[in-house]
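Structure, as structure tokens:
The values are calculated or read from the model by the stated rules, or taken from the named source; none is laboratory data. Worth saying up front: this structure is predicted, and the values here are computed from it rather than measured. Positions of Cβ are generated from backbone atoms using ideal geometry, with glycine treated the same way; all protein chains shown enter the neighbour counts. Ligands, DNA and RNA are excluded from the accessible area calculation, which covers all protein heavy atoms including side chains. Shrake-Rupley method; radii C 1.70, N 1.55, O 1.52, S 1.80 Å.
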Protein chains: 2
Amino acid sequence: MDDTTREWHLAERPQGEPDSDCFELEEAEVPEPAPGELLVRVNYLSVDPYMRGRMSAGESYAEPWEVGDVLKGGIVGEVVESNSEAYSEGDLVTGEGRWGEYSLLDASEVAPVDPAVADQPAYLGTLGMPGRTAYFGLLEVGEPKPGDTVVVSGAAGAVGSVVGQIAKLNGCRVVGFAGSDEKTDWLTEDLGYDAAINYKTTDDYGEALAEAAPEGVDVYFDNVGGPITDAVFTQLNLDARVAVCGQIAHYNAESVPTGPRKLPQIIAPRAKVQGLLVSDFVTRFGEASEQLGEWVASDELTHRETIVEGLENAPDAFLGLFSGDNIGKQVVQVGDRSA
Amino acid sequence: MDDTTREWHLAERPQGEPDSDCFELEEAEVPEPAPGELLVRVNYLSVDPYMRGRMSAGESYAEPWEVGDVLKGGIVGEVVESNSEAYSEGDLVTGEGRWGEYSLLDASEVAPVDPAVADQPAYLGTLGMPGRTAYFGLLEVGEPKPGDTVVVSGAAGAVGSVVGQIAKLNGCRVVGFAGSDEKTDWLTEDLGYDAAINYKTTDDYGEALAEAAPEGVDVYFDNVGGPITDAVFTQLNLDARVAVCGQIAHYNAESVPTGPRKLPQIIAPRAKVQGLLVSDFVTRFGEASEQLGEWVASDELTHRETIVEGLENAPDAFLGLFSGDNIGKQVVQVGDRSA
């Protein structure tokens, strides 16, 4: 085991789009686990759009990081020293850890990783927080019924790719917006989406949507905001449900973004538009993990990760989320020596 | 009884704000009631903001009027000829009728008016469609809990004035936005609102709201849209509910109105924003009418009408809704010979 670890800190708060000046890689001593703690060697770490909110002061639901703080996120790693009876050296676990080579985790706050179900990176995506977000957001906020048309923005991302597949499992017609032909092909050929629209090569989103969803939109799962969302709101059916999971198009805005007003558009369809945060369902995470694991094990749910190698590339992997570099879940491979 | 009746027709569709060219007063013969019908001499007719939508082609939830069509709305009147056993000559009834001196109504689609409960105009406001809209919109969409802060825009209007009082009856703190000191005084002195903001003399709505609602907004009942709504959305509490009843600020817009994007604002509070149409609750109208009638009879619910005299002034009364001329319900007195 190493004596020192490297980890990413917040060097300065971004104004608008973050750049490399916002991140600083620092060395630290590898710590000793206190009673109940595990020392974990990080194999993979997760970068997620919501982290952009934590980089700004007081602008998000998640507690903001302070300048100088170590960055944190979902990790998968191997227990190298255990001070808990629950886990032993060599066990694979997942939890909330540091953007670093080593992290201390509270044994009560980690979950086991079973390589027989899926490779480690899947535990940061379909079998992790994004998968649970898709599960509860679609089923509890979107309330899909068989025959409904479900539209997903950011459809090839970590959350969207799961949303569409669960909607298909519920008997819905599913239409996705994504940003490349490779992504839209993946949606329709591998994930079972009924139609997919490449928004980067489409001029008129409304026209494309009307063609892909000729019976209108019953459920809209929004990860993105912006002009895609503007188009979807003009085609909501009676009693439509909109789950607002993310608005990545606006996370780097330097002032309050403006756009077409949506409240006048929701009266006629009596649409319900609801903000979504997966932590509200924490008491039911076990249910979601079990169901998602079953679907993955039975190949009813396809998962995919885009893996960037090397801790030093974590900031770039994070920044790539805003240009849509990832297909499926974006993870950073830090130290998986078995892979 | 007269042989002829006068009634208002749609002369042309408005572009943006309607003007008098949109309306034409025409003469017609007073018709005979068919079996099951009543001939009613109109005493009062209702003008309501939603009618603006019916004047445009296919832009609203209510069926658009065609150019040349007679205008219709809520009326209260006296049965002068009955072809139904349910009502007799001299009975007072309310229903959906013509903007005219006489109207044929289907006896199965009218309700009796009881002058012992309230004067006739109240049956077009607190005891009519606006009252039911307030009742179901607040209770079913707003879901107020004791101690909640409820904010109402258009608070001194036909719907808003009822919303705030029902919220007070449910143990809430109630804050209203209205457009004159006379209105805000009425809200706080007669209706029990805890605070009221005159938006025409207030520069910073957000600051005024923060002062009037220091614990944030749990329920927002929106009749208006525009900058008031923009301010409220920045102060939504966790699990806030927004009932979108009307957006009168935008009804005369000639192109899609724009403003601050609200979806990014509802994620952190996980707010639920829902469009509202009273007709969805049609099977429960009896419950609402009974409860509203009890509250009015026991003086727990105050009602007020702004009455314009003369059928010839109906278009002006309607247009006055958009400049906020009315306090409480705007009605037009057509022929109440007892008043």
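Brief remarks follow.
- Rounded is the label for the range B:129-279, because the ratio a/c of its alpha-carbon gyration tensor axes (a ≥ b ≥ c) stays below 1.5.
- Summed side-chain charge close to residue B:304 - residues other than residue B:304 whose Cβ falls under 10 Å, Lys, Arg +1, Asp, Glu -1: -1
- Average Cα contact separation per residue, the range B:129-279, under 8 Å, 6 or more apart, as relative contact order %: 23 percent
- Other-copy label distances relative to residue B:316, 7 angstrom Cα-Cβ extension, nm: 7.4
- Cβ-Cβ distance of residue B:284 and residue B:309, R₀ of 25 Å, FRET efficiency by 1/(1 + (r/R0)^6): the value works out to about 0.10.
- Listed cross-link partners A:183/B:272; A:262/B:200; A:272/B:145 are compared with a 26 Å cut-off, the Cα-Cα value being larger for A:183/B:272.
- Pairwise burial B:A, computed as accessible area of each alone minus the pair, summed, 1.4 Å, Å²: 2800 Å²
- Bridges between two residues of the protein assembly as shown, per DSSP, are antiparallel at a rate of about 60%.
- Virtual spin-label span in nm between residue A:258 and residue A:182, 7 Å along Cα→Cβ: 3.8 nm
- Listed by chain and number, the lysines placed with their C-alpha closer than 27 angstrom to that of residue B:72 are B:329; residues fewer than eight positions away on the same chain are left out.
- Starting from the label point of residue B:26 at 7 Å along Cα→Cβ, the same points in the other copies fall at 8.0 nm, in ascending order.
- Axis-nearest residue of A (beta carbon) for the A-onto-B rotation, whole Å: A:273, 2
- Using alpha carbons only: equivalent-ellipsoid semi-axes of chain A, gyration tensor based, whole Å: 35, 22, 17
- Springs join every pair of Cα atoms under 10 Å in this Gaussian network model of chain A, and among A:249, A:178, A:116 the largest mean-square fluctuation is at A:116.
- Dipole magnitude (debye, nearest 20) for chain A, charges at Cβ of Lys, Arg, Asp, Glu: 1580 debye
- With contacts taken as Cα pairs under 8 Å and at least 6 residues apart, chain A reaches a relative contact order of 18 percent.
- Counting only protein heavy atoms and a 1.4 Å probe, chain A has 41 square angstrom of accessible area per residue.
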